[in-house]
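What follows is a set of notes on a single structure, which appears directly below.
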Ligand code: PEP
Ligand code: MG
C-alpha cells in the first residue's frame with residue numbers, strides 16, 4: 001500500500017499500464033536464431049500497422065482526411081520492402097538483434113533523405129524517424145499512445161501533461177496515478193473533469209508498478225494498493241459500490257437552486273477544458289460555466305486554432321448554455337501548459353514568467369484571433385470574458401483596448417456580437433487581491449483563482465508533492481486575501497466568484513459561504529456535493 005495525494009474521488013480496481021518516459025537504449029546483441037528474431041521484427045511491424053490504422057481512422061474523423069494522410073504514408077513505409085526488407089536482411093546477414101538492425105537501416109535512410117536537394121524529401125526524415133521509433137517501442141513492449149490502451153486500465157506515469165490527459169479515453173482508462181503533482185496540478189484537475197479517480201504525488205510508483213499488475217486506486221483517501229489479495233479486492237468493491245450509491249443519491253439535487261441557510265442564492269458552476277465538457281456540468285446540476293480554460297482548444301494539435309475553429313467552439317458552448325452564463329477565460333498558456341508549435345523560451349521560473357495575459361499582450365496577433373472568436377460566439381448565448389493573471393489595472397485596461405479594437409473590426413465587417421459583454425479578471429496574483437478595491441471599480445466581476453493565488457501567496461509550488469503540506473487553502477493569509485477580494489467587489493456592486501479548486505473543497509466551502517462568495521465554480525464531479533454543503537451552511 002502506498003499513500004499519495006487524493007486528487008480525484010472514487011475507487012477503481014484495474015490493471016496497470018506504465019507510461020514509459022525512458023529513452024530506449026539500443027545495444028547490439030549477437031543472435032543465434034535469426035528466424036525467431038525476424039519473426040519478432042514482423043510482430044512489431046504488424047502491431048505498428050494496426051496502431052497506425054487506428055490513429056488514421058481517429059484522425060480522419062477528428063481532423064479531416066488531409067491531416068490524416070501522413071499516417072497513410074507511415075503505413076506505406078511499413079509495407080516498403082526497401083525499408084522492412086532491409087532490416088530483415090541486416091538481421092540475417094549480421095546475426096544481430098532487431099533493434100540494432102532497425103537503427104542501422106534507419107540511419108542509412110536518414111542520411112540518404114538528408115542529402116537530397118528536394119525539400120519535400122528532406123522533410124520525410126521526420127516520418128522515417130517516427131515510424132522507426134514506433135517499431136522500436138513495440139519491440140521493447142512500450143505502448144505509448146494513451147488512447148490505445150486496453151479496457152479497465154489504470155495509467156501509471158511520472159506525470160501526465162495536459163495534452164496526455166486530453167487524449168485519455170474514459171471508456172478504457174478508469175483511473176490514473178502519478179509520481180509527482182498536487183491536488184491543483186492540471187492532471188488532477190483533468191481527472192476530476194473526466195470524473196475518474198486519481199492519486200498523485202506517489203514519488204516512485206512508476207518504478208514499483210509493472211504493466212499488467214493489478215491495482216486498487218482509492219481517490220478518496222489517496223491510497224493505492226498493488227497486487228491486492230482477494231479479501232482486499234472484495235473490501236474495495238464494497239467501498240466502490242457504496243460510493244456510487246451516495247453519488248446516485250446526490251442526483252436529487254440536480255435541479256435544486258442553491259440557497260444558503262441565511263437565504264443567499266449562490267451559483268454553483270462547472271469548470272471546463274473542452275467544449276463537450278459542458279455536458280458533464282449540466283448533467284451534474286451546474287448553473288453554468290464559471291471557467292472555460294480555453295487553452296485546451298490549443299492543445300493536442302500541430303498549429304494554432306483559427307478564428308473560425310475557435311468560433312465554432314465558443315458558439316457550441318454558448319448555444320448549449322442558452323441563458324446560463326459561460327465565463328470564457330482567454331488563453332492561459334505557459335507555466336505547466338505548453339504548446340508544441342509555440343516554442344517559448346526556457347525560463348528559470350515559468351510560473352512567474354512569460355505566460356497568460358503577459359504573452360497575449362505581447363502576441364496581440366494570437367490574442368486578437370481569440371477575442372474576435374469569443375465575441376462572435378457571444379452572439380449565440382451568454383458569454384463573458386475573463387482575463388487571467390492580471391496583476392495591475394494597466395493590464396486590464398490594455399486588454400480592454402484590444403477587445404474594443406476587435407469589436408470595431410467586427411462591426412465594420414458586419415459580424416454580430418454582444419456589445420455589452422461582461423469583462424472580468426481572475427484574481428490569482430496576490431497583488432490583484434491586495435489592490436482589489438481599485439480593480440473592482442473597473443471590472444464587471446472577479447473570479448478568484450486559488451490554485452495560483454495560494455502558490456504565489458505561500459511561495460509553495462502547486463505541482464510539488466514535497467511541499468504540498470505548505471500548500472494550504474485555509475492559511476490565514478490566503479483567507480484574508482479572499483475575504484478582501486469579495487468585500488472589494490461587493491463595495492462596488494460587482495459579483496465575486498471563485499474558480500480555483502478551493503471552491504469545491506468540502507472543508508473550505510463553509511468559510512467561503514460565510515465570506516459571501518457569490519459563485520462557486522469547480523470540476524463537474526464536485527458540483528453536487530458542493531451544493532449540498534452550501535445549502536447546509
Ligand atoms: C487558478 O489558478 O485557480 C485557476 C483556476 O487557473 P488554472 O488552474 O488554470 O491556473
Ligand atoms: Mg491560474
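Here, each number is a calculation from the coordinates, and none is a lab measurement. Values in this document were obtained by computation on a predicted structure and should not be read as measured data. Don't worry about glycine lacking a Cβ; one is built from the backbone with ideal geometry, like all the others, and counts go over all protein chains shown.
Averaging sequence separations of C-alpha pairs under 8 Å and six or more residues apart, then dividing by the length of segment 457-509, give the relative contact order as a whole percent.
Here the relative contact order equals 23 percent.
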Practice problem: Throw me the Rg/Rh for segment 264-318, computed over C-alpha atoms with Kirkwood Rh, two decimals. | Solution: 1.05
Self-check item: the chain: relative contact order in percent, alpha carbon pairs under 8 Å with at least 6 residues between
Solution: 15
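Restricting to the chain, compute how many DSSP beta bridges are antiparallel as a %, nearest 5.
Antiparallel: roughly 30 percent of the beta bridges in the chain.
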Quiz item: Can you give the relative contact order of segment 265-535 as a percent, counting alpha carbon pairs under 8 Å and 6+ residues apart?
Solution: 20
Exercise. Give me the distance between the Cα centres of segment 463-525 and segment 167-220, rounded to whole Å.
Key: 25
Self-check item: For segment 209-255, the spread of Cα positions along each principal axis, largest first, Å
Solution: 44, 20, 18
Quiz item: In Å, what Rg and Dmax follow from the Cα atoms of segment 29-135?
Solution: 14.9, 47
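What does the C-alpha gyration tensor say about the overall shape of segment 174-227? Classify as rounded when a/c is under 1.5, otherwise prolate if a/b is larger than b/c, or oblate.
Here segment 174-227 falls in the prolate category.
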Practice problem: Distance between Cα centroids, segment 319-338 to segment 72-140: provide it in whole Å. | Solution: 43
Quiz item: Once label points are set 7 Å from the Cα along Cα→Cβ at both residue 362 and residue 415, what is their separation, rounded to one decimal in nm?
Solution: 2.6
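Scale the Cα Rg of segment 265-535 by the rule-of-thumb value 2.2 N^0.38 Å and send over the ratio, two decimals.
So the Cα radius of gyration is 0.95 times the expected 2.2 N^0.38 Å.
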Exercise. Per DSSP H run of at least 4 residues, take -39500 (n - 2.57); add these up for the chain, divide by its residues and hand me the 222 nm value, nearest 500 deg cm²/dmol.
Key: -14000 deg cm²/dmol
Self-check item: Projected label distance in nm at residue 93 and residue 221, using a 7 Å step from Cα toward the beta-carbon
Solution: 6.1
Quiz prompt | Alpha-carbon centroids, segment 1-42 and segment 239-305: separation in whole Å | solution = 35
Quiz item: So how do 448, 87 line up by other beta-carbon neighbours within 10 Å, fewest first?
Solution: 87, 448
Quiz prompt | Linear extension gain, residue 244 paired with residue 261, 0.36 nm per residue minus alpha-carbon span | solution = 3.4 nm
Quiz item: Between rounded, prolate and oblate, where does segment 223-322 land on the alpha carbon gyration tensor, with a ≥ b ≥ c its root eigenvalues, rounded for a/c under 1.5, else prolate if a/b exceeds b/c?
Solution: oblate
Quiz item: Nearest-5 percent of antiparallel DSSP beta bridges in segment 265-535?
Solution: 5
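How would you rank 529, 294, going from fewest to most other Cβ atoms within 10 Å of each one's own Cβ?
Ascending Cβ contact count within 10 Å gives the list 529, 294.
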Self-check item: Antiparallel content of DSSP bridges confined to segment 206-344, in %, to 5
Solution: 50
Quiz item: How big is the C-alpha Rg of the chain next to the rule-of-thumb value 2.2 N^0.38 Å, as a ratio?
Solution: 1.07
Self-check item: Using alpha-carbon coordinates, inclination of helix 230-250 to the longest axis of the chain, degrees
Solution: 40
Quiz item: In what sequence do 351, 71, 446 fall when counting other Cβ within 10 Å, fewest first?
Solution: 351, 71, 446
